[in-house]
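Some notes on the structure that comes next.
The values are calculated or read from the model by the stated rules, or taken from the named source; none is laboratory data. Quick caveat: nothing in here was measured; it's all calculated off a predicted structure. Please note: Cβ atoms are built from the backbone with ideal geometry, for glycine as well, and neighbour counts cover all protein chains shown.
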Amino acid sequence: MITSLQGVLASATPLHAVIELNGFGYEVNIPVTTAEKLPAPGTTVKLHTLVIYREDAQTLYGFASAAERDFFRLMIEQVSGVGPKLALTIMSRLSLPSLESAIRMGDISTLAKCPGIGKKTAERLVVELKSKLGGSGLGAAAAAGEELPAAGPTAHRDAVAALMALGYKGADADQAVRRAALALGPEATTEQLIKKSLS
């Protein structure tokens, strides 16, 4: 099992990255939330990966952190009706802290706004994953070990909640905070994230 891949980033789009390693170019499917954190092509990058083998294909999925990869695996293994493509779509729309928060709070409407997810799938995500997240969630457990920069999950979650209180939709608030986190770096506080998101 290939659990991580470190090499030179040859090219990247919002949903794919090509990493060159020892003369091979590995095409990796990635969520938009990981693509946002990638360095410039020609730079060394490390992705936490999961390989899915099917009769007609071997597909490599990559993520900015081990926590994101583990959550992706949890979705496709535990939630009926959620395969790799749909799980990648969900993780492209919402960052891991926002996704975990929505599941913990039973926020069906935020989850249902992800493309390709109806109310029933959103309900299944909550029912089948809520007990697996525990108190702090996968994101909090591995935040310190992230190789690619991201604001801490608590600051991120709190900033998203603040923007939603100001009238932002969940996914829009999450996207604004992700952009702010990329600009400010991993040490950004909740207040700094909110100010940057609103500027």
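In the set (1) of a type in the set (G, A, S); (2) on the phi > 0 side of the Ramachandran plot; (3) not in a loop (DSSP other than H, G, I, E, B), S109 fails one condition alone, (2).
Annotation note: of T33, T59, the sole residue that is surrounded by 17 or more Cβ atoms within 10 Å (Cβ to Cβ) and either touching a residue at least 12 places away in the same chain (Cβ under 8 Å) or on the phi < 0 side of the Ramachandran plot (or both) is T33.
Is at least one residue of the range 52-60 assigned to a strand (DSSP E or B), in contact with a His (Cβ under 9 Å, 6 or more places away or on another chain), within 29 Å of S131 (Cα to Cα) and aromatic (F, W, Y)? No, the range 52-60 contains no residue that is assigned to a strand (DSSP E or B), in contact with a His (Cβ under 9 Å, 6 or more places away or on another chain), within 29 Å of S131 (Cα to Cα) and aromatic (F, W, Y). When the range 45-89 is limited to residues that are polar (S, T, N, Q) and touching a strand residue (DSSP E or B) at 6+ places or on another chain (Cβ under 7 Å), the one that is modelled with the lowest pLDDT turns out to be Q58.
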